[in-house]
Amino acid sequence: MTLNPRQRQLLDVVRKRGTISVEELAQQLDVTPQTVRRDVKQMELARLLARYHGGVGLPSSVENIDYRQRQILNSDAKQRIAAAAAARVPAGSSLLINIGTTTEAVARALMKHKGLHVVTNNLNVATILSDNPDCEVIVTGGLVRGRDRGIVGEATIDFIRQFKVDISIIGVSSIEADGTLRDFDSREVKVAQAIIEQAREVWLVADSDKFGRQALVRMAHLSQIDVLITDAPPPEALAAVLEAAQVLVVVAA
C-alpha cells in the first residue's frame, strides 16, 4: 500500500492523538466518516492502524507488519531512498547491511557499483548482490528466519565482530520523537547493535512512516547515526534531535 496525502495525514493525527474516534478524524480531515472508515479499513489490512472499541489507534507495538506486506508498503519511497543512499556509496567500499525491505532496496540500487565488499545477515541482500560480478558478498552464520530470510543469533554477532567496515547501512521499524530507534525482535536488535559498532560510519535508511511509529525493543539512538536517508523532512521535534546530534539528513527527491 502506498499512502495518499489524506491517508498520511490520517496516520499523523492518530500518532499524535492516540486512539481517536472516526467522527473526530472526519472533522479534522474535513471528509466524511465513510471516507475515514474506508481509509482505515485499507490501512488496517496493511497493519498501519487498528480499530478498537470507540475509535482508531496504532497497532500492537510487539508485532511487525508481515514481510510480504512490508515489501510493497511505500515501495516508491524506499526506491528513492535506496537511490539516494547508493549515490553516496563510493566504489571500493566495505559495507555491513542488515535486515529490512529498505536495505534490500539499497542492495538493488548498488548493482552497478564496483569493488564493493559486503557483509550481510540478510539472505535477500546476498542474493541480490551476488548478481553483481564486481561485488564480494560475505554472509554471516546464524539462525535463518524463514519469514524474511534474516539471520540472527549469537553466532551472527560473533561473526560480525570480526569486521570493521567503512559504512553500515541499517533499517529500523521505529524512530521516536526523542531519537530512540526501536524494532520488534530482540535477536535482530542485538545483531543490528553489533553492525552499528563495527562501522566507521552508520547510515540509517528509513521512510517517513517510521517517524513516531511504536515498536517494543530499543536498538540505538540517533546520536549513534551519522546519516539519515529518508523520503520526507522529519517532524519538528525529531529534526531538533537530529540537529543536536549532528546527523546529516538526506531527503530523497
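Scanning the range 14-31 for residues that are modelled with pLDDT of 90 or more, part of a loop (DSSP other than H, G, I, E, B) and open to solvent by 70 Å² or more (accessible area, probe 1.4 Å) gives a single hit, D30. Among residues of the range 106-155 being crowded, with 19+ Cβ neighbours inside 10 Å and of a type in the set (S, T, Y), the one that is nearest to D166 (Cα to Cα) is T120.
Within the range 207-248, can you find the residues that are open to solvent by 50 Å² or more (accessible area, probe 1.4 Å), part of a strand (DSSP E or B) and closer than 20 Å to A77 by Cα? L248 - this is the single residue of the range 207-248 that is open to solvent by 50 Å² or more (accessible area, probe 1.4 Å), part of a strand (DSSP E or B) and closer than 20 Å to A77 by Cα.
Within the range 32-48, the set of residues being of a type in the set (A, V, I, L, M) and buried (at least 16 other Cβ atoms within 10 Å of the Cβ) comprises V36, V40, M43, A46, L48.
A quick yes/no check of all residues on (1) closer than 14 Å to I169 by Cα; (2) not in a loop (DSSP other than H, G, I, E, B):
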{"site": "I81", "(1), (2)": "yes, yes"}
{"site": "A85", "(1), (2)": "yes, yes"}
{"site": "T103", "(1), (2)": "yes, yes"}
{"site": "R108", "(1), (2)": "yes, yes"}
{"site": "K114", "(1), (2)": "no, no"}
{"site": "V137", "(1), (2)": "no, yes"}
{"site": "D148", "(1), (2)": "no, no"}
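Residues that are in contact (Cβ under 8 Å) with a residue 60 or more places away in the chain, within 29 Å of K16 (Cβ to Cβ), open to solvent by 20 Å² or more (accessible area, probe 1.4 Å) and part of a loop (DSSP other than H, G, I, E, B): does the range 181-203 have at least one? Within the range 181-203, one or more residues are in contact (Cβ under 8 Å) with a residue 60 or more places away in the chain, within 29 Å of K16 (Cβ to Cβ), open to solvent by 20 Å² or more (accessible area, probe 1.4 Å) and part of a loop (DSSP other than H, G, I, E, B).
The values are calculated or read from the model by the stated rules, or taken from the named source; none is laboratory data. The structure presented is a predicted model; accordingly, all values stated were derived computationally and were not measured. Cβ: placed from backbone, ideal geometry, glycine included. Neighbour counts: every protein chain shown. For the accessible areas, the whole protein counts, side chains as well, though only heavy atoms, and no ligand, DNA or RNA atoms are used. Shrake-Rupley method; radii C 1.70, N 1.55, O 1.52, S 1.80 Å.
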